[in-house]
Amino acid sequence: MADASAGGGCAPQDYPTIDPTSFDVVLCGTGLPESVLAAACAAAGKTVLHVDPNPFYGSLFSSLPLPSLPSFLSPSPSDDPVPSPSADTSAAASDAAIDLRRRNLYSEVETSGAVPEPSRRFTVDLVGPRLLYCADEAVDLLLRSGGSHHVEFKSVEGGTLLYWDGDLYPVPDSRQAIFKDTTLQLKEKNLLFRFFKLVQAHIAASAAAGEGEASGKLSDEDLDLPFIEFLKKQNLSPKMRAVVLYAIAMADYDQDGVDSCERLLTTREGVKTIALYSSSIGRFANAEGAFIYPMYGHGELPQAFCRCAAVKGALYVLRMPATALLVDEEKKRYVGLRLASGQDILCQQLILDPSYEIPSLDMPCNAPVLNLPRKVARGICIISSSVKQDSSNVLVVFPPKSLEEEQVTAVQVLQLSSNLAVCPPGMFMAYLSTPCTDAFTGKKCINKAIDVLFSAKDSNDLEDHLEKNSEENKESVKPTLFWSCLYVQEIIQGTSGTALLCPIPDENLDYRSILESTKKLFTDICPNEEFLPRNSAPKYASDDDSDSAECLLGLNREVLVIFGRALYST
């Protein structure tokens, strides 16, 4: 867990001297994309220097103690490092220095309520809500890199709930769940089961025949249709279409407005996500449902990849701000970094986290940005009880138009409990997010979802409130909201060139888009190398002891421990 309160500034004389002063790859910021790239480059035989101005790993993907959250979302100007003159002569005479500036990606920060004490026992994720599919590529990367030895997971055992017509309904995402669902009519069950059977036949036929023609595969005409139109062809009811589109295929934007939808999902894309969802259910014997979540928060993931990179020879220096970019003015390319210590570090490839501004060498530094960044409104809440009785970790989806007619994006809510070590026992954390074009619209949707799920705290005495709840019918009492923080985050695109800008935490529930962009950046750096090949994982003594790995998985059947060969048991 990161601690932003520790501070990252030092007097220049307190910074360590880095030796050597030239590397193949230099990365600034230890977010998940930068950490994966560091591990991949180190595995490919590159010399790697990885620095971070913070005293912790994770950057924009960190897990922070709650008291540190305000200073991270709204940093003071004094937190920025003061540019230092070069203290050495390692840079070439033709190299110029351009001051490195950071952008504040967070705005409209609004908090309310009081944090229950002790506040440091609450850990907040900057990327929430965020999950991993059991069959996710991120899980496979953890195995291939050896990061699986450093992370533990638990399943989202409460499944997914869909908000529809003023009530929360469990999502029927499997044959068993469909026939157990008492809220569905028999005709709805038959049509939904027939749809899933059709999709499963396509998935099986595609796996057997690749891209060629095969019996059971959907036609290209159907695959290229808007997914909403394909679902209508299957005669699914509006509620069942919402289940498939927003709670399984995880569409963010209103799919009914085919002409006006900002991100229209095709059948091909929808079926691909359903295949991932389906293959995730039952992959691990001790994981209920399709989703898992890292113990102690998502900040554990970049730290795991950093450890793998270090094993392969990467050099790590925390509390080391970068103050300037070094430019070869003759070749018009970035060639390194100037650190807060005044030391110049040269490299073949420079990689920065997305909070940095990289001036284009072909236009003035103050040139206007033509493409406005996307935005995502996020919320973090502390609540008194679970939104679903007898469940610890639950995903809730509010489809477009479910909160109000003007709602054009889905709102996703992830509830977490103390069994993930992110809050004290008896408390729950809830993360909310929705894509938005402006802060007002996004925060309005988040607030409406909060009002639906939680009730306002009407007493200053936490103990009295908990005692009152324990005596009432828990099914009829909404969780009490003790504290909340709402903010808006910009989503900017990664860039390529002699200075790469990594992808930022996006509006998606998983890491697929971020990892795809990261793989493309690696291809730019190492065009002839495989991305984290399976033999890149360091060898551990337990790797040759499959019985030990299986026993570790069996010690606590509630905990999914991704460890060695046990990860292959499907």
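The values are calculated or read from the model by the stated rules, or taken from the named source; none is laboratory data. Since this is a predicted model, take the numbers as computed values, not measurements. A quick note on method: Cβ atoms are made from the backbone with ideal geometry, for glycine too, and the neighbour counts reach across all protein chains shown. Surface accessibility is based on the protein's heavy atoms, side chains included, excluding ligands, DNA and RNA. Shrake-Rupley method; radii C 1.70, N 1.55, O 1.52, S 1.80 Å.
Figure the gain on full extension for Ser119 and Leu318 (residue separation times 0.36 nm, minus the Cα-Cα span) and round it to one decimal in nm. Write out the running numbers ahead of the final one.
Details: separation 199, 0.36 × 199 = 71.64 nm, distance 2.55 nm.
The span from Ser119 to Leu318 would gain 69.1 nm if fully extended.
Mind pulling the per residue volume of the convex hull built on the Cα atoms of the range 219-276? Å³ is fine.
Convex hull of Cα atoms, per residue: 76 Å³.
What do you reckon, how do Glu507, Glu288 stack up by accessible area (1.4 Å probe), largest on top?
Numbers: Glu507 20, Glu288 110 Å².
From most accessible down to least: Glu288, Glu507.
Provide the FRET efficiency to the nearest 0.05 for the Lys520-Glu229 pair, computing r from the beta carbons and using R0 = 22 Å.
It comes out at approximately 0.10.
Report, in whole Å, the centroid distance computed from the Cα atoms of the range 385-411 and the range 212-248.
23
In square angstrom, rounded to the nearest 10, how much accessible surface does Ser455 have for a 1.4 Å probe?
My reading of the accessible area for Ser455 is about 40 Å².
Trp164: accessible area at probe 1.4 Å, nearest 10 Å²?
60
Please give the contour-minus-distance gain from Asp220 to Glu404: 0.36 nm per residue of separation, less the Cα-Cα distance, rounded to one decimal in nm. Display every interim value, and only then the final one.
Values: separation 184, 0.36 × 184 = 66.24 nm, distance 3.57 nm.
Full-extension gain reported as 62.7 nm.
Could you compute how much accessible surface Lys187 exposes when probed at 1.4 Å, giving the result in Å² to the nearest 10?
150
What pairs in Lys401/Lys448; Lys332/Lys520; Lys388/Lys478; Lys187/Lys239; Lys401/Lys444; Lys217/Lys272 have C-alpha atoms more than 18 Å from each other?
Values: Lys401/Lys448 12 Å; Lys332/Lys520 23 Å; Lys388/Lys478 10 Å; Lys187/Lys239 13 Å; Lys401/Lys444 13 Å; Lys217/Lys272 13 Å.
Pairs exceeding 18 Å: Lys332/Lys520.
Between Ser74 and Glu269, 0.36 nm times their residue separation minus their Cα-Cα distance comes to what? Walk me through the numbers on the way to the answer.
On the way: separation 195, 0.36 × 195 = 70.20 nm, distance 3.70 nm.
So the chain would gain 66.5 nm between Ser74 and Glu269.
For the pair Leu191 and Asp140, how long in nm is the line joining their label points, each one 7 Å along Cα→Cβ?
3.5
Using a simple spin-label model with points 7 Å from Cα along the Cα→Cβ vector, what separation in nm is obtained for Thr111 and Glu262?
2.8
I need the calculated FRET efficiency for the pair Lys180 and Ala285, taking r as the beta carbon distance and R₀ as 22 Å, to the nearest 0.05.
Working: r = 21 Å, r/R0 = 0.94.
Efficiency for this residue pair is about 0.60.
What FRET efficiency comes out for Glu357 versus Asp451 if R0 is 41 angstrom and r is the Cβ-Cβ distance? Round to the nearest 0.05.
Working: r = 38 Å, r/R0 = 0.92.
Rounded to the nearest 0.05, the efficiency is 0.65.
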